[in-house]
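All remarks here apply to the structure that follows.
The values are calculated or read from the model by the stated rules, or taken from the named source; none is laboratory data. Remember, it's a predicted structure, so these values are computed and weren't measured experimentally. Heads up, the Cβs are rebuilt from the backbone with ideal geometry, glycines too, and the neighbour counts pull from every protein chain shown.
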Amino acid sequence: MIQSEEYFEMLKPWNLDDLVDHIMNTHHAYLKANYPLILKLIDKLENTTQSDVIKEIKTLFTEFTDDLAIHLVKEEEVLFPYFKKLAESKSAGSKVEAANFGSLSRPIEMMEEEHDDSHHIMDRIKELTNNFTAPQDAEPSIHFLYFKLKEFDDDLETHHELENNLLFTKASVLEKELEIK
Ligand SMILES: [Fe+2]
Ligand SMILES: [Fe+2]
């Protein structure tokens with residue numbers, strides 16, 4: 001897997017428009033393909049040697065996915081289309097209407113808070129699973145679930161780092177540059 005720092009450097013010069021597409025096509029697509037799969041795996045493991053831990057993982061991961069579904073809708077249906085409008089306005093030299101949510105600072109703050117909340121839930125899962133390490137004698141399917149949870153957590157970290165530190169920053173800079181009031 002490409003190192004996060006290298007990945008970040010590669011994406012730094014990208015324009016806002018392409019970055020939005022990239023995040024949707026890679027990280028959002030990854031989440032949408034993998035969280036239902038993980039929920040299915042969890043459901044199949046409720047009667048295994050690790051059943052107590054699995055039950056707790058299920059509660060936490062379900063809370064996580066319920067919040068995530070709403071978060072993705074806010075980004076994909078409200079925020080990201082507005083980012084695209086900003087990018088379009090810059091390249092066409094046209095004017096863009098202010099969004100009905102006003103300046104970007106509040107919704108961005110809200111997205112960042114939601115990212116933090118999701119990391120807190122994943123951190124609890126990480127603790128519960130001994131840093132995603134299954135006991136050696138656990139069933140292979142449990143090892144696989146822990147492997148998938150680790151992969152999921154890594155992707156989420158990268159995804160949120162990209163949004164907080166690159167995407168949202170670029171959008172705020174462009175909003176100022178276009179003097180949207
Ligand atoms: Fe996102
Ligand atoms: Fe996000």
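Among (1) without any contact (Cβ under 8 Å) to a residue 60 or more places away in the chain; (2) within 14 Å of ligand 1 (Cβ to nearest atom), which single condition is Met122 missing?
(2)
I want to confirm something. Restricting to region 63-102 and keeping residues that are touching a helix residue (DSSP H, G or I) at 6+ places or on another chain (Cβ under 7 Å) and away from ligand 1 (no atom under 16 Å from the Cβ), which single residue is farthest from Ala33 (Cα to Cα)?
Lys95
Considering region 105-119 alone, what residues qualify as being within 14 Å of ligand 2 (Cβ to nearest atom) and touching a residue at least 60 places away in the same chain (Cβ under 8 Å)?
Ile108
How about region 35-45: which of its residues are over 21 Å from Gln136 (Cβ atoms) and touching a helix residue (DSSP H, G or I) at 6+ places or on another chain (Cβ under 6 Å)?
Tyr35, Ile38
Is region 48-57 home to any residue that is touching a helix residue (DSSP H, G or I) at 6+ places or on another chain (Cβ under 8 Å) and within 27 Å of Leu162 (Cβ to Cβ)?
Yes, because at least one residue in region 48-57 is touching a helix residue (DSSP H, G or I) at 6+ places or on another chain (Cβ under 8 Å) and within 27 Å of Leu162 (Cβ to Cβ).
One residue is enough: does region 74-84 have a residue meeting the conditions out of contact with any His (no Cβ under 7 Å at 6 or more places or on another chain), over 17 Å from His160 (Cα atoms), buried (at least 16 other Cβ atoms within 10 Å of the Cβ) and modelled with pLDDT of 95 or more?
Yes; the residues of region 74-84 include at least one that is out of contact with any His (no Cβ under 7 Å at 6 or more places or on another chain), over 17 Å from His160 (Cα atoms), buried (at least 16 other Cβ atoms within 10 Å of the Cβ) and modelled with pLDDT of 95 or more.
Restrict the check to region 105-126 and report whether at least one residue is among the aliphatic types (A, V, I, L, M), closer than 17 Å to Glu179 by Cβ, crowded, with 16+ Cβ neighbours inside 10 Å and out of contact with any strand residue (DSSP E or B) (no Cβ under 7 Å at 6 or more places or on another chain).
No, region 105-126 contains no residue that is among the aliphatic types (A, V, I, L, M), closer than 17 Å to Glu179 by Cβ, crowded, with 16+ Cβ neighbours inside 10 Å and out of contact with any strand residue (DSSP E or B) (no Cβ under 7 Å at 6 or more places or on another chain).
With among the small types (Gly, Ala, Ser), in contact with a Leu (Cβ under 9 Å, 6 or more places away or on another chain) and farther than 18 Å from Lys74 by Cβ as the only criterion, which of Ser172, Ser89, Ser94 stands out?
Ser89
Across region 160-181, which residue is farthest from Ser94 (Cα to Cα) among those that are in contact (Cβ under 8 Å) with a residue 24 or more places away in the chain and not in a helix (DSSP H, G or I)?
My answer is Lys181.
Kindly check whether there is at least one residue in region 22-30 that is more than 16 Å from ligand 1 (Cβ to nearest atom) and either touching a Pro at 6+ places or on another chain (Cβ under 9 Å) or not basic (Lys, Arg) (or both).
Looking through region 22-30, none of the residues is more than 16 Å from ligand 1 (Cβ to nearest atom) and either touching a Pro at 6+ places or on another chain (Cβ under 9 Å) or not basic (Lys, Arg) (or both).
I need a count of the residues in region 12-60 that are more than 16 Å from ligand 2 (Cβ to nearest atom) and not polar (S, T, N, Q).
25
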